[in-house]
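The structure appears below as structure tokens.
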Amino acid sequence: MMSTPHVPLIGAHVRLEPMILAHAEGLLPHALEPEIWLYIPYGNIDTLEKLQHMIAALLAKQATGSDLCYTVFHQASNQPIGLTRYISVDRVNYGVEIGGTWYGKDYRRSAVNTEAKYLLLRHAFEVFECQRVQIQTDVRNERSQRAIERIGAVREGVLRKNKRMPDGHERFSVMYSIINDEWTAVKTRLEGMLQPA
């Protein structure tokens, strides 16, 4: 049975802390961007109360064992800037999915997402001893697809109408994966991307 310790994951640019409700207030300024919520199925988060409700719902899922939730802190400022998590934790088959990731706009297209994914993948493959990590994204979210492909994940196909969005949209999701046989090459690629220019 796969062991899944939920501990802080620390890098040079970001620190992933196990999420708690008290992180909501610091996250709120970054959550007040409607663009974030176009592709994530929580509706538009535009008040502290809605953000607290969303975090409480995620923590309730975590309590069932299906998720491990993290708040992403920017190391230089020590401020929370987004969320990410392991979802669909499959301890029998040694697999997880990385999902529900978002950051404030000032931190997109930076080392933040690259390092956060690196930390999550390294923990999954080297501590959890996963045989598979999957990532899915809305087929409409081309920026996210390019980012996932950039780290070396393999596109497996499209899940048709696998999520219903708050606005009623029936989402098609692109599924990607990395398997344990590929981790050494992906790790080398990510570490190269994180080297100073």
Could we say that residue 132 is open to solvent by 40 Å² or more (accessible area, probe 1.4 Å) and modelled with pLDDT under 95 here?
no
In the range 17-33, residue farthest from residue 107 (Cα to Cα) [restricted to those that are touching a Ser or Thr at 6+ places or on another chain (Cβ under 7 Å) and either without any contact (Cβ under 8 Å) to a residue 24 or more places away in the chain or not in a helix (DSSP H, G or I) (or both)]:
19
Residue 121 vs. criteria open to solvent by less than 50 Å² (accessible area, probe 1.4 Å) and assigned to a strand (DSSP E or B)
no
Suppose we keep only residues that are farther than 20 Å from residue 178 by Cα and surrounded by fewer than 21 Cβ atoms within 10 Å (Cβ to Cβ) within the range 94-106. Which one would you say is farthest from the chain's Cα centre (by Cα)?
106
In the range 38-56, the residues that are assigned to a helix (DSSP H, G or I) and either without any contact (Cβ under 8 Å) to a residue 12 or more places away in the chain or open to solvent by 60 Å² or more (accessible area, probe 1.4 Å) (or both)
38, 49, 50, 52, 53
So which pairs qualify, if the first residue must be in the range 62-76 and loosely packed, with under 14 Cβ neighbours inside 10 Å, the second must be in a loop (DSSP other than H, G, I, E, B) and at pLDDT 95 or above, the Cβ gap must be under 7 Å, and the two must be at least 6 apart or on different chains?
none
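The values are calculated or read from the model by the stated rules, or taken from the named source; none is laboratory data. In this text the structure is predicted, and so the values were computed from the model without any measurement. Glycine also receives a Cβ, built like all others from the backbone with ideal geometry; neighbour counts cover every protein chain displayed. Side chains are part of the model used for accessible areas, which takes the heavy atoms of the whole protein and leaves out ligands, DNA and RNA. Shrake-Rupley method; radii C 1.70, N 1.55, O 1.52, S 1.80 Å.
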